[in-house]
Each structure stands twice: as structure tokens, then as C-alpha cells.
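What follows draws every value from the coordinates through simple rules; no lab data is involved. In this text the structure is predicted, and so the values were computed from the model without any measurement. With ideal geometry, Cβ positions are generated from the backbone for all residues, glycine too; neighbour counts draw on all protein chains shown.
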């Protein structure tokens with residue numbers, strides 16, 4: 001159990017590395033890596049450790065209390081919110097904005113993105129079903145189907161919606177749509193039907209696109225789209241439990257004898273209200289503590305490298321060896337001079 005939970009923790013606290021890539025001083029990152037488990041573990045104990053959010057079903061009669069089967073909120077949304085706070089404190093990469101408008105900075109290796117995305121999808125089939133903590137719990141079959149359905153639907157929807165909006169296919173956005181569906185289905189995967197999983201995937205596939213555009217347009221430079229994939233779609237996954245939980249599973253969850261049931265299946269608004277409270281507490285906690293930590297740690301080791309190091313690339317300037325020795329860095333962006 002310790003190692004299983006530690007892997008979930010590491011998944012959550014490494015999410016900000018994708019958002020803040022290319023401009024995060026290694027020494028400051030090491031301080032973050034030492035501190036960030038505190039942010040994760042406190043909130044996880046509130047939801048998964050029988051903490052006060054989990055107990056609201058008994059104490060406030062709000063459904064089954066805060067329900068998050070495999071971590072849309074505990075793992076993913078908390079990582080996305082931490083990424084948002086970090087990006088705001090850190091600021092954008094050099095050359096990302098010209099006269100206040102975002103400039104595209106394309107991915108360096110799309111085949112690697114595709115391969116990594118498929119690897120994540122494979123791993124998720126251990127991540128979600130494994131959260132039953134029992135190989136004899138036959139709800140695993142629903143969890144596997146729901147996980148696959150939501151991810152494929154979200155990927156397809158994001159691909160089509162981006163083509164409609166931008167006029168071109170975008171494989172990177174298709175991959176982010178795939179991950180958005182996985183993130184969104186992680187909380188409700190055990191409690192919904194495959195139809196519910198498909199609808200959750202539809203919303204996630206659209207949400208990840210417009211969330212990414214929103215944050216980019218307000219000046220938040222998120223390199224990997226982690227804020228939208230994990231933060232926005234993680235919040236949607238938590239909320240979706242209060243809408244789509246079908247009442248077929250979850251008896252005894254958080255001490256409530258009846259199964260988890262959402263608004264659309266006759267469960268009333270109680271579970272939905274509790275899920276919204278869960279998200280509100282998560283965002284407040286993770287954003288406030290991460291913002292304070294980044295500002296404090298900057299006094300110990302600067303968050304940003306020097307301008308020269310950032311333009312040269314942190315692999316070469318801080319690690320002593322280029323990750324791609326056959327690659328010659330481009331000239332400094334004109335707007336950054």
C-alpha cells in the first residue's frame with residue numbers, strides 16, 4: 001500500500017514539471033521536490049484517509065462524502081493547480097509573448113509525444129483498476145472499459161473540435177485530448193456506466209482545448225498543457241461523479257451503506273454539492289500553498305536560471321551536456337532582445 005500510494009503521489013507532484021519546463025532552475029526544482037509531498041499528502045488525507053471531506057456524507061448528509069476513486073482530484077487536479085500557481089509566479093519563457101500576444105513554440109518531437117501518450121494510456125489500465133485494491137473485485141471490468149471509452153472519445157472529440165476551430169489537424173492536441181479523457185474518468189471510473197464515461201470524455205475533449213487557449217491568452221505559459229489536462233479536466237472528473245454516478249457501486253464508501261449515486265440517476269443534489277466543495281477546497285489549498293512556497297523558495301535558490309542559461313538550454317547550461325548534441329540552438333528571438 002505504501003508503494004502504491006507513493007506512486008500516486010509522485011504522479012501528482014511531477015505534473016508541474018511539464019507546465020514549467022525550459023525555465024525552471026534545477027536547484028529550485030529540487031527544493032520543490034522535497035516540499036511538494038506535503039501539499040499532496042495533506043489533501044489526500046482529507047479525501048482518502050478518512051479525513052473531513054470524506055466524512056461529510058455522514059456529518060453533513062451530502063451523498064457519500066467526497067468521492068474520488070482513483071484521483072482525478074487528489075492526484076491530477078492538485079498537480080494542475082500547483083502547476084498554475086508555479087507558472088504565474090515563474091512567468092513565461094523568453095520569447096513566448098510578443099506585444100502581449102502568445103507566439104507558438106512548437107514541440108520538438110511529435111513522435112515522442114505520441115509514444116509517451118500511448119505509454120501513459122497503458123499505465124492508466126493499472127492506475128484505475130488497481131485502485132480497487134482487490135483483484136477479485138469484478139468492478140475492475142467496468143473500470144477498464146470506462147477508462148478506455150472516455151480516453152478514446154475525448155481524443156476523437158478534441159481532434160475534431162480543434163480541426164473545426166483551427167482548420168488543421170493537431171496530433172499534439174489529440175494526445176492531450178486522450179490524456180484529458182483519462183484524467184476526467186479517473187475519479188468516476190468505478191461509479192459510472194460506459195455511456196456515462198463516453199459523455200464525460202466528450203466534455204473533457206472540448207474542455208482541454210478551450211482551457212488551454214484561455215490560460216495561454218491570459219499570459220500563463222504552460223509548456224505541456226498540464227494545467228488544462230490535469231487541472232481543468234481533473235476538476236471536471238471530480239464534479240462528474242456527482243452527475244453520472246449510477247448507483248451500482250460504492251456501498252460502504254466513506255461509511256455510507258448505500259451506493260454512490262449522482263444527480264442524473266436520482267441521487268439528488270447532495271453528492272454534486274459535495275463534489276463541488278471538494279474541488280473548491282482543493283483549488284484553494286493547492287494554489288495558496290504552492291504560490292507561497294514558490295515565492296519563499298525563490299529566496300533560497302532562484303526559480304529562474306539566468307537569461308543566458310535559459311536561451312542556451314538548461315540541459316547544456318546546468319547539466320553539463322546537451323540532450324541533443326546534434327542540435328544547434330536557434331538564435332535568440334528578436335522580441336526577446
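Take the Cβ-Cβ distance between residue 251 and residue 45 as r, set R0 to 30 Å, and report the resulting FRET efficiency rounded to the nearest 0.05. So, using R0 = 30 Å, E works out to roughly 0.80. Using alpha carbons only, how many degrees (0 to 90, rounded to 10) separate the axis of helix 2-13 from the longest principal axis of the chain? Rounded to the nearest ten degrees, it is 50.
Considering only 105, 290, 90, the mean-square fluctuation computed in a Gaussian network model of the chain, springs between alpha carbons under 10 angstrom, is largest for 105. The angle between the Cα long axis of helix 78-90 and the longest principal axis of the Cα atoms of the chain comes to about 30 degrees, rounded to the nearest 10. In plain terms, the residue of 241, 74 with the fewest other Cβ atoms within 10 Å comes first and the most crowded comes last, giving 74, 241.
Shape class for segment 52-189, computed from the alpha carbon gyration tensor (a ≥ b ≥ c): oblate, with a/c not under 1.5 and a/b at or below b/c.
Take the Cα of residue 300, go 7 Å toward its beta carbon, and the backbone nitrogen atoms of segment 30-61 under 20 Å from that spot belong to 30-43.
Subtracting the Cα-Cα distance of residue 106 and residue 141 from 0.36 nm times their residue separation leaves 8.7 nm of extension gain. Once Kirkwood radius over Cα pairs in Å is worked out from the coordinates, which option in (1) 21.6; (2) 19.7; (3) 20.5 does it equal? Calculated Kirkwood radius over Cα pairs in Å: the matching label is (3).
With Cα atoms defining each centre, segment 198-254 and segment 25-69 are spaced 18 Å apart in the structure. Comparing 30, 87, 175 in a Gaussian network model of the chain where C-alpha atoms under 10 Å apart are linked, the largest mean-square fluctuation is found at 30. For the peptides 243-249, 221-227, 116-122, residues were scored by their other Cβ atoms within 10 Å and the scores averaged per peptide; the highest-first order is 221-227, 243-249, 116-122. Computed from the C-beta positions of residue 218 and residue 307 and an R0 of 35 Å, the FRET efficiency is 0.90 to the nearest 0.05. Which of rounded, prolate or oblate describes segment 225-283 when judged by the alpha-carbon gyration tensor and an a/c cut-off of 1.5? Cα axes put segment 225-283 in the prolate bin. Measure nothing fancy, just the Cα-based angle from helix 194-217's long axis to the longest principal axis of the chain, in degrees from 0 to 90, nearest 10. For 194-217 against the chain, the angle is about 30 degrees.
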